[in-house]
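First comes the structure, then the notes that go with it.
Taken together, the values in this text are just the output of simple stated rules run on the coordinates, not laboratory data. Everything numeric here is computed off the predicted structure, so don't read it as measured data. So basically every Cβ, Gly included, is an ideal-geometry build from the backbone, and we count neighbours across all protein chains shown.
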């Protein structure tokens, strides 16, 4: 009888320990929720939306054009996180002119934008082997690679997986690969 009681206590403590490990280790290595704190990703993401990012994907695959990522911006403290869309990939030449984004001199088709003109003038900028050019979907209200330059892969925390809150808007991001105009 006493052996059964000890066995049950050990099983209970093991379950508690596993739950604690998952609770604390999952955000470090697997998934992590984030709160959207600015309107730079409108209409895709709104201020105060809650998203979940996947921190595993980029351990096995490279970030792709169209991915919405959470990252630490260059020259900022580690406590600041930005949420932007990857527009340019390593080795590509990026240019913003006449309200359009060009990759290797070919116009980028961006169906996720509600307003199709992109303000400012950039480049051409040739991205290095580990650099990504990121931009917000609300181009008139976004501090992004047009302002602080390309980001390196090590600054990327993860890829958005789903919109958690508000619950009525819950959805999983499709991360379509956006092509260049041919």
Label-point separation in nm, residue 148 to residue 130, each point 7 Å along Cα→Cβ: 1.8
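Quote the Stokes-Einstein diffusion coefficient, in whole µm² s⁻¹, for the range 32-172, based on the Kirkwood radius over alpha carbon pairs, a temperature of 4 °C and a viscosity of 1.567 mPa s.
Working: Rh = 15.2 Å.
Translational D for this selection: 85 µm²/s.
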Whole-number percent relative contact order across the range 32-172, with pairs defined as alpha carbons under 8 Å at least 6 apart: 30
Fraction in percent of alpha-carbon pairs per bin - 5 Å, the range 35-75: 5, 17, 26, 24, 19, 8, 0
